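Asks: Please read through the structure below; I'll follow up with questions.
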Amino acid sequence: GVPQRPTPSAIEAPSVVGRYQQMITARGLAARLYFLASDFFEGRETSTRGQRLAADYLASQYRALGLAPKGTAAAADARSPAAYFQRFRVYRRQPSKTRLEVAVRGRRVAASTYSRRSQDGLSYFAFGSLSDAAGGVVFAGYGIRDAALGYDDFAALAAQGVRIDGKWIVILADEPLRDASASLLPTPDGKPSKWTTQPSHKRKAIWLAGRPAGVLVVGDAGPRGAGKFDESAARAASALDGVGQLSLYRDTPSSFPPTFMISSRMADKILSAAGRTAASVAREIDRGLRPSVFEVKGVEVRAAVEPGGEELETENVLAFIEGSDPALKDQVVVVSSHYDHLGVDRRATGDQIYNGAADDASGTVAALALAEAFARAKADGLGPRRSLIFANFSGEEKGLLGSTYYAETGPIVPLEKIAANVNMDGVGGFDPNHPTGSRDYIYVVGTRRESEELIETNRRLNELTGVRLRLDHPPPSLFNSDHVSFQRRSVPFIYYSTGLTEHFHRPSDEPATIDYDHLARVARLVFANVWQAANQDAPPGGLPQSRLTAAGGYSCPPCPFDCDDLVFERPGECPVCRMVLLPKVRPKDRQ
């Protein structure tokens, strides 16, 4: 091979880096992205044929570029794509069939069966543990606890001495609404709040209030759901044929209780024992904006759940460039992206395939372009001093499953040897809510403790190498992606994204919507930062792993759902956001 020369850092020799940046072109990115985000891969949903085909494609690309395999899968043929795979198991977390029964003073008054081929428009399974449950009933209004909005159903229950433990809690969906787009609560903009738009907040409020046997959400009592329950139930039932929710656990002690959406017809059977209906109690609350909560005496609800939680398999794709510096090559910069997406919606009319061009075929083909440029540099005698791992994770859309597995169960190199994680998720497309309306920006996400040096280096390289994008720095909590799996272990990280694009999680996220010139500029900037992290003398800041210690308990990674402050005694899954719980750690010098 070509003798390796001492490789300068990007800040020391931006013109050298610039030669390889120019290999990253709009044409090359488009060539790969149009294929990876084509209908051929069927939306790349985790564990499906389309995702496995995409894994084969990525492995073949790395092989052709000359990167070494870094997978853990046994392959009879060393040239097989499987050599690049880190396989892991996942479990479906949705039922094959459920039955919900309501008894008033010992007499059954309602029963609802839900399966792929049986929907009665009364109930359907939504979330939580796949377990049988039985108990009495408490009506808890809208299930909201919000001091800022001056509304708290759970405080009203506590004032009456009503406990929810061991009982079914019935709540109304959404919040008091004037109409489908306007809240009756004093929200800052007059629009529906997080209690309507993000159901996870209600799950947290319930979890903090007690341990109910189960949760029943009345889905059609308000203006957003009126007249739509049959349609929603049929859509949920048909989804049972798909992959659905996945977990790294077959079951977990921290599971949220079984949660069903129910129609007003079903709710009225339950509330009849209290002389109420879903509509009447909703009107009462909405009129006074005061909670109306009560125990529904004499009523018992039973749920029978037949789990559909078969074991499935998926794989991360891992490729490797060995460092050229004998003193530094044991340290690794991990360049990550996720290649899975949302699959196919057989219920949809028109386009049914979620191609995921921006999310995250854009980050994945950018990683391939970086790999190609680094491979060329190494062939020219300018290989990175530190080693590089290119990690394309599966299961990101299912709760960061692939990166969590990599960081917590199967790190290819010890976490304390990871000098930095550089993550790209959705680096194509544009955010219609960008504060300036810019189409010449990139969001750069990091934290003060782990990312300060990487972000400052990124700023300098943006100018030194002539990329000159607008750099925006949103709060990390708004951007949840695979970097979180490294952040929780205090690995220095930086995350690039164009944010929630106009086609986010829609079938319209197609290759033709990407501005490839902009994508090339982003990829060139990321390349320069990876070059710097791989070649500077000292690793790029952050807190070394050796300075971490256990803090006691487990919590979910930082996420936008306000649940990472919950602490659990045992490992498992967060009951609110369903992300894997990780051991809590803290710096030793802050004990």
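Asks: Has the stretch 515-528 got at least one residue that is open to solvent by 20 Å² or more (accessible area, probe 1.4 Å), part of a loop (DSSP other than H, G, I, E, B) and of a type outside the set (A, V, I, L, M, F, W, C)?
Replies: yes
Asks: Please determine whether any residue of the stretch 106-120 is among the aromatic types (Phe, Trp, Tyr), modelled with pLDDT under 95 and under 13 Å from Met261 (Cα atoms).
Replies: Yes, because at least one residue in the stretch 106-120 is among the aromatic types (Phe, Trp, Tyr), modelled with pLDDT under 95 and under 13 Å from Met261 (Cα atoms).
Asks: Can you run down the residue pairs with Cβ atoms below 7 Å, 6 or more apart or on separate chains, where the first is in the stretch 313-337 and farther than 18 Å from Ala361 by Cα and in contact (Cβ under 8 Å) with a residue 40 or more places away in the chain and the partner is of a type in the set (A, V, I, L, M, F, W, C) and not in a strand (DSSP E or B)?
Replies: Phe320/Leu67; Ile321/Leu67; Ile321/Phe374; Ile321/Ala375; Val332/Val413; Val333/Val530; Val333/Ala533; Val333/Ala534
Asks: Still on this structure: Which numbered condition trips up Asn458, out of (1) closer than 30 Å to Leu582 by Cα; (2) in contact with a Phe, Trp or Tyr (Cβ under 6 Å, 6 or more places away or on another chain)?
Replies: Asn458 satisfies every listed condition except (2).
Asks: Are any of the residues in the stretch 220-238 at pLDDT 95 or above and under 25 Å from the mean Cα position of the chain (by Cα)?
Replies: Within the stretch 220-238 (the criterion being at pLDDT 95 or above and under 25 Å from the mean Cα position of the chain (by Cα)), the answer is no, since none of the residues qualifies.
Asks: Ok, one more. For the stretch 368-392, how many residues meet the condition of being part of a loop (DSSP other than H, G, I, E, B) and either free of Cβ contacts under 8 Å to residues at least 40 places away in the same chain or among the polar types (S, T, N, Q) (or both)?
Replies: Of the residues in that region, 0 qualify.
Asks: Under 22 Å from Asp359 (Cβ atoms), open to solvent by less than 40 Å² (accessible area, probe 1.4 Å) and of a type in the set (D, E, K, R): does that describe Asp509?
Replies: Taking the combined requirement at face value, the residue satisfies it.
Asks: Name the strands (runs of 3 or more DSSP E) wholly within the stretch 419-502 that hold at least 1 residues that are at pLDDT 95 or above and open to solvent by 20 Å² or more (accessible area, probe 1.4 Å)?
Replies: 470-472
Asks: Ok, one more. Could you check how many residues of the stretch 141-165 are under 32 Å from the mean Cα position of the chain (by Cα), surrounded by 15 or more Cβ atoms within 10 Å (Cβ to Cβ) and under 17 Å from Glu300 (Cβ atoms)?
Replies: Looking only at that region, the number is 1.
Asks: Another question, then. Can you name the number of the only condition in (1) surrounded by fewer than 18 Cβ atoms within 10 Å (Cβ to Cβ); (2) assigned to a strand (DSSP E or B) that Tyr114 fails?
Replies: So Tyr114 meets the others, but not (1).
Asks: Here's a follow-up. Restricted to the stretch 319-340, and to residues that are over 17 Å from Gly66 (Cβ atoms) and among the acidic types (Asp, Glu), which residue is least open to solvent (accessible area, probe 1.4 Å)?
Replies: So, considering only residues that are over 17 Å from Gly66 (Cβ atoms) and among the acidic types (Asp, Glu), the one least open to solvent (accessible area, probe 1.4 Å) is Asp340.
Asks: Being among the β-branched types (Val, Ile, Thr), over 26 Å from Pro558 (Cβ atoms) and open to solvent by 10 Å² or more (accessible area, probe 1.4 Å): is that true of Val365 here?
Replies: no
Asks: Does the stretch 412-427 hold any residues that are over 23 Å from the mean Cα position of the chain (by Cα) and not small (Gly, Ala, Ser), and which are they?
Replies: Within the stretch 412-427, Val413, Pro414, Glu416, Lys417 meet the criteria.
Asks: May I pose another question? Tell me, please, whether a residue that is assigned to a loop (DSSP other than H, G, I, E, B), in contact (Cβ under 8 Å) with a residue 40 or more places away in the chain and surrounded by 21 or more Cβ atoms within 10 Å (Cβ to Cβ) can be found in the stretch 50-62.
Replies: There is no residue in the stretch 50-62 that is assigned to a loop (DSSP other than H, G, I, E, B), in contact (Cβ under 8 Å) with a residue 40 or more places away in the chain and surrounded by 21 or more Cβ atoms within 10 Å (Cβ to Cβ).
Asks: Find all pairs meeting these conditions: Cβ atoms under 7 angstrom apart; at least six residues apart or on different chains; first residue within the stretch 257-282 and in contact (Cβ under 8 Å) with a residue 60 or more places away in the chain; second residue of a type in the set (D, E, K, R).
Replies: Ser263/Asp220; Ala273/Lys297; Ala278/Asp268
Asks: Continuing with the same structure: For the stretch 63-80, what are the residues that are assigned to a helix (DSSP H, G or I) and under 26 Å from the mean Cα position of the chain (by Cα)?
Replies: The answer is none; no residue qualifies.
Asks: Determine whether Thr72 is without any contact (Cβ under 8 Å) to a residue 40 or more places away in the chain, surrounded by fewer than 18 Cβ atoms within 10 Å (Cβ to Cβ), in contact with a Lys or Arg (Cβ under 9 Å, 6 or more places away or on another chain) and farther than 30 Å from Asn462 by Cβ.
Replies: The answer is no for Thr72.
Asks: Also, I was wondering about something else. Quick check, is Glu295 open to solvent by 10 Å² or more (accessible area, probe 1.4 Å) and part of a strand (DSSP E or B)?
Replies: So Glu295 fits the description; yes.
Asks: Of all residues in the stretch 380-410, which are out of contact with any helix residue (DSSP H, G or I) (no Cβ under 9 Å at 6 or more places or on another chain) and open to solvent by 10 Å² or more (accessible area, probe 1.4 Å)?
Replies: If the condition is that a residue be out of contact with any helix residue (DSSP H, G or I) (no Cβ under 9 Å at 6 or more places or on another chain) and open to solvent by 10 Å² or more (accessible area, probe 1.4 Å), then Lys398, Gly399, Thr409, Gly410 are the ones that fit.
Asks: Here is a follow-up. Residue by residue through the stretch 221-246, note down the ones that are crowded, with 22+ Cβ neighbours inside 10 Å and farther than 26 Å from Val102 by Cβ.
Replies: Leu246
Asks: Applying the selection to the stretch 81-98, what residues are open to solvent by less than 30 Å² (accessible area, probe 1.4 Å) and either of a type in the set (Val, Ile, Thr) or outside any strand (DSSP E or B) (or both)?
Replies: The answer is Ala82, Ala83, Tyr84, Val90, Arg93, Gln94, Thr98.
The values are calculated or read from the model by the stated rules, or taken from the named source; none is laboratory data. The model shown is predicted, which means the values in this text are computed figures rather than measured ones. Reconstructed Cβ throughout: ideal geometry from the backbone, glycine too, with neighbour counts over all protein chains shown. With ligands, DNA and RNA removed, areas are computed over all heavy atoms of the protein, side chains included. Shrake-Rupley method; radii C 1.70, N 1.55, O 1.52, S 1.80 Å.
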